[in-house]
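Okay, so here's the structure we're looking at.
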Amino acid sequence: MGAREGVACEAQKRINAKVGRQIVTGTHSPSFGFEKNEEECDRIIDMINASGATVLAVGVGAPKQEKFIYKYRDRFKHVKIFLAIGATIDFEAGNVARAPKWISDLGLEWFYRLVSEPRRLWKRYLVEGPAFFWFILLQVCNLYTNPFGGDDDLDKSTAYQGMVDAVDA
């Protein structure tokens, strides 16, 4: 689910041709702002449930895709695996070029994308990104404390949820 009209279908054709079978069985390109329209979200959920899909890949951009999955995850009857895949649909359709392999191997694909699409991505990577990575660093170093109170001895799932909540705020 994701990308502009027709892009997901092209990605589906290319992926299925690569693997030699129908691994991607359906696509949907939601309208811009679909996440604010409960009726459209209900139709999307019904369509996915009717398909019997057990894996759902959502590529509508961060954090929209993560919020959609989190909000509606309990309403999907058959889906066992949820994937927030960002621009992968555009990559697979051939609409957006991937970074050269050496850049990707260095973990700098985000920088390549920032340089390629600065107007669209500057805020995500340069304003919102550092706070998220700061919380990750604190968690890795066992220095994270729950900003909403509670035990200082948090388990990892509680700490992770605290980070998600703090980044959402």
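The values are calculated or read from the model by the stated rules, or taken from the named source; none is laboratory data. Here the structure is a predicted model, which is why all the values come from computation and not from measurement. Neighbour counts are summed over all protein chains in view; Cβ atoms, including those assigned to glycine, are modelled from backbone coordinates with ideal geometry.
Just a few scattered comments:
- The stretch 106-122: number of residues that are within 13 Å of VAL96 (Cβ to Cβ) and either assigned to a loop (DSSP other than H, G, I, E, B) or of a type in the set (Ser, Thr, Tyr) (or both): 3
- Candidate set from the stretch 61-79 (those that are assigned to a loop (DSSP other than H, G, I, E, B) and at pLDDT 95 or above); member that is surrounded by the most Cβ atoms within 10 Å (Cβ to Cβ): VAL79
- TRP110 being at pLDDT 80 or above and in contact with a Phe, Trp or Tyr (Cβ under 7 Å, 6 or more places away or on another chain): yes
- For the stretch 36-69, the set of residues classified as in contact with a strand residue (DSSP E or B) (Cβ under 9 Å, 6 or more places away or on another chain) and either more than 25 Å from ARG120 (Cβ to Cβ) or among the hydroxyl-bearing types (Ser, Thr, Tyr) (or both) consists of ILE48, THR54, VAL55, listed by residue number.
- Annotation note: of ILE103, ILE89, the sole residue that is in a helix (DSSP H, G or I) and in contact with a strand residue (DSSP E or B) (Cβ under 6 Å, 6 or more places away or on another chain) is ILE89.
- Lone qualifier among GLU39, GLU35 - being assigned to a helix (DSSP H, G or I), of a type in the set (Asp, Glu) and touching a helix residue (DSSP H, G or I) at 6+ places or on another chain (Cβ under 7 Å): GLU35
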